[in-house]
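Enquirer: Input: one structure, supplied below.
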Amino acid sequence: MKTKILTKIILPCLILLSIVAAGVHFIAPVVVQKKMMGEFNQELFSVKKGFELHPNLFVADMHADTLLWEREFFSKNDYGHVDLPRMMEGNVALQIFTIVTKAPKSMNIHKTDGESMDRITALSIVQLWPISSWFSLFSRAIHQISKLKNWQSRSKDNMMIIKTKRDLKDFIELRSFRKRMVGAIIGLEGAHAIEGSIKKMEILFNEGLRVMGLTHFFDNKVAGSAHGEDKGGLTDFGKKVVKRANELGIIFDVSHLSEKASFELLELSTRPVINTHTGLRGKCKNDRNLSDELAKAIAAKGGIIGIGFWDIATCGTTTRAIVDTIKYATDLVGVDHIALGSDFDGTIVSPIDISKMETITSELAHAGYSDEDIAKIMGGNVRDFFLKYLP
Ligand SMILES: [Zn+2]
């Protein structure tokens with residue numbers, strides 16, 4: 001009787017469940033990732049100069065959420081934006097890989113309830129991340145860092161995680177003969193991942209964390225978000241976080257941080273702060289983008305601003321819209337403070353993936369920038385910033 005129940009009911013149920021689970025595991029995240037590719041309908045205009053210049057540039061991008069996704073990093077995929085073959089094809093030298101640990105269902109740029117259901121919990125279960133990461137934001141951060149370390153060790157020296165000025169100097173040296181080698185800096189989108197503990201921030205630093213946004217879409221224990229319910233300043237705990245992060249040499253990223261907290265941070269931080277991915281309100285007015293005033297304050301303190309590739313950042317859907325935003329930004333704060341901040345793989349739609357970065361170079365040439373200024377915007381500014389401010 002027992003065997004009958006087993007073979008007739010339990011076994012088929014288990015098989016069905018496994019099929020559904022495998023389907024969810026293998027298909028659902030890919031469906032989400034496929035939605036991120038915009039239509040690449042760039043007219044190939046006659047500015048050859050950009051395409052000739054691009055192979056000789058040090059190209060850097062300040063923001064990609066690739067670590068969120070289970071993707072074969074060493075194969076060229078036809079979905080999502082970033083993998084190693086496409087990075088090498090795009091001649092990208094340096095990428096900040098950003099850790100995301102929480103994304104509430106109500107996520108929007110105006111007012112996000114941080115307590116609403118978290119989508120990363122579902123993603124971590126569906127993608128079979130370690131069980132500890134299903135329940136802990138900090139464990140999710142550790143998991144994503146270990147994923148990057150794993151990529152590094154499997155990359156046959158084509159990828160290097162950069163933690164110090166010395167690493168970056170060595171990397172630049174190495175890249176002069178390993179032409180398509182890729183450098184990676186670890187960033188964090190939202191200090192909720194330290195779960196209210198300075199000690200956990202120190203652990204993340206020891207694991208390689210070098211760039212930290214204090215908030216993501218919602219207010220947390222550290223500060224108010226630009227898209228939060230209160231949009232407040234730094235909390236008392238937040239001020240302690242700032243002090244310790246400064247001592248360690250972690251660079252602050254004000255993307256998603258409230259205007260109030262951003263100005264407080266600029267006041268308090270002993271080092272320049274950056275914005276890894278944004279648009280400018282003066283060019284594209286919405287709550288996601290930087291005010292002219294804040295952009296100027298970031299530049300005045302020596303920071304850099306990465307211009308995003310998606311529609312809410314640029315109010316457009318083409319590479320020309322990206323370069324129009326760059327133009328607005330360089331006119332506002334000067335060419336030494338502007339860089340690229342694609343937000344690749346951040347559930348955004350981008351006109352290009354990372355393999356087609358040369359179209360940005362070409363658009364910059366088309367917009368009339370000098371070779372020297374193109375080199376700065378495409379990555380020179382990011383390289384020089386980290387040469388100066390990494391520990
Ligand atoms: Zn973001």
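The values are calculated or read from the model by the stated rules, or taken from the named source; none is laboratory data. On a predicted model such as this, the values are computed, not experimentally measured, just so you know. Every residue, glycine among them, receives a Cβ derived from its backbone with ideal geometry; neighbour counts consider all protein chains shown. Heads up: the accessible areas ignore ligands, DNA and RNA and are worked out on the full protein's heavy atoms, side chains in. Shrake-Rupley method; radii C 1.70, N 1.55, O 1.52, S 1.80 Å.
Enquirer: Are any residues in segment 83-105 within 16 Å of the ligand (Cβ to nearest atom) and more than 24 Å from THR164 (Cα to Cα), and if so, which ones?
Expert: The initial filter retains those residues of segment 83-105 that are within 16 Å of the ligand (Cβ to nearest atom), namely 95-104.
Within segment 83-105, THR101, LYS102, ALA103, PRO104 qualify.
Enquirer: Would you mind stating whether ALA299 is under 23 Å from GLY346 (Cα atoms) and either charged (D, E, K, R) or away from the ligand (no atom under 16 Å from the Cβ) (or both)?
Expert: Working: under 23 Å from GLY346 (Cα atoms): no; either charged (D, E, K, R) or away from the ligand (no atom under 16 Å from the Cβ) (or both): yes.
So ALA299 fails the test.
Enquirer: Now for a different question. Do we find a residue being away from the ligand (no atom under 16 Å from the Cβ), open to solvent by less than 30 Å² (accessible area, probe 1.4 Å), small (Gly, Ala, Ser) and more than 21 Å from TYR389 (Cβ to Cβ) anywhere in segment 227-241? Quick ask: steps written out before the conclusion?
Expert: The first filter runs over segment 227-241 and keeps only residues away from the ligand (no atom under 16 Å from the Cβ), leaving 229-241.
Going one step further and asking which of them are open to solvent by less than 30 Å² (accessible area, probe 1.4 Å), we end up with 232-234, 238, 241.
When the remaining residues are screened for being small (Gly, Ala, Ser), the result is 232-233, 238.
This time we only want the ones that are more than 21 Å from TYR389 (Cβ to Cβ), so: 232-233.
Yes.
Enquirer: So, one more: Does THR361 satisfy the condition of being farther than 23 Å from VAL211 by Cβ, open to solvent by less than 50 Å² (accessible area, probe 1.4 Å) and among the hydroxyl-bearing types (Ser, Thr, Tyr)?
Expert: Yes: the conditions hold for THR361.
Enquirer: For residues that are open to solvent by less than 20 Å² (accessible area, probe 1.4 Å) and either out of contact with any helix residue (DSSP H, G or I) (no Cβ under 8 Å at 6 or more places or on another chain) or not assigned by TED's automatic domain parsing to the domain that holds VAL333 (or both), tally how many sit in segment 262-283.
Expert: Going through segment 262-283 one residue at a time, the tally reaches 1.
Residue-by-condition table, conditions (1) over 22 Å from ILE312 (Cα atoms); (2) in a helix (DSSP H, G or I); (3) not aromatic (Phe, Trp, Tyr):
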position	(1), (2), (3)
SER75	yes, no, yes
ARG86	yes, yes, yes
ALA93	yes, no, yes
ILE96	no, no, yes
MET107	no, no, yes
HIS143	yes, yes, yes
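Enquirer: Name every residue in segment 278-332 that is among the polar types (S, T, N, Q), touching a residue at least 40 places away in the same chain (Cβ under 8 Å) and in a helix (DSSP H, G or I), in order of residue number. It would help to see each step written out before you state the result.
Expert: Kept after step one, since they are among the polar types (S, T, N, Q), are these residues of segment 278-332: 278, 286, 289, 291, 314, 317-319, 325, 330.
Applying the additional criterion that residues be touching a residue at least 40 places away in the same chain (Cβ under 8 Å) yields 278, 286, 317-319, 325, 330.
Selection gives THR319, THR325, THR330.
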